[in-house]
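Taking it in order: structure first as structure tokens, then the write-up.
What follows draws every value from the coordinates through simple rules; no lab data is involved. These numbers were taken from a predicted model, which means no experiment stands behind them. Don't worry about glycine lacking a Cβ; one is built from the backbone with ideal geometry, like all the others, and counts go over all protein chains shown.
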Amino acid sequence: MRKKRLDKGTPGPVAAILRMALPKGAEEKLAVPGLRKEWESIAGPVLGKKTMPDDLEKGVLLVKAETSSSAKALSMRAASVARAASKTAGIPVSSIRVVVGRAAPETSAGMRTRRKPARIIPAKEDVEQAFAGIKEKFSPEKEQVAKRLASLMIVYRMRFPDK
């Protein structure tokens, strides 16, 4: 079904054009990153650090809390937080559902994220040198196991140089 176009001579807000183009429910999904960004001012500084909005569907804001005590505290303030979230997002937030879980968002620029550790690849010469030191302790059939152990030894030395 085609939506009615705006007249070329009539300027309109960009939000109205986007609402016509986006599928139903997309407006709520697009509001979640903005809520995450402003969450500490919405929920307060203490709860803002221990909770994080996760999803918004049909006016219900799903919030993840790090602990059950922070979940309980946010649940007790749900009505006022829902009003503040609605005002900030510009879309209706009727209620808040709080669950205990990891409160950090998956990935987003400027958000709390967990970095992957750097992959350590040992030099071939170091592995060969370590293999030469342990190969006599293994039978010829277990030579591949000895090479893997030598590689693991070098990775351990690189990862923990003080040990």
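Please compute the net charge surrounding V155, taking Lys and Arg as +1 and Asp and Glu as -1 over other residues with Cβ under 12 Å from its Cβ. Display every interim value, and only then the final one.
Values: positive: R119, R148, R157, R159; negative: D126.
Its environment carries a net charge of +3.
Projecting label points 7 angstrom from Cα along Cα→Cβ for L152 and S41 puts them 5.2 nm apart.
Amide H contacts for V100 (H built 1.01 Å from N in the peptide plane; partners 5 or more residues away or on another chain; cut-off under 5 Å): A65. Computed over the alpha carbons of the range 23-100, Rg followed by Dmax gives 11.2, 37 Å.
Going down the list K116/K142; K29/K72; K29/K50; K58/K87, which pairs span over 27 Å between their C-alpha atoms? Over 27 Å Cα-Cα: K116/K142.
Normalising by the residue count of the range 23-100, find the relative contact order in percent from Cα pairs under 8 Å and 6+ residues apart. Let's see the in-between values first.
Numbers: 124 pairs, mean separation 24.4, N = 78.
Reported as a whole number, the value is 31 percent.
Fully extending the segment from E143 to E125, taken as 0.36 nm per residue of separation minus the present Cα-Cα distance, adds 4.8 nm. Under 15 Å from the Cβ of K72, count the other residues' Cβ atoms, weight Lys and Arg +1, Asp and Glu -1, and hand me the total. Net local charge, K72 excluded: +3.
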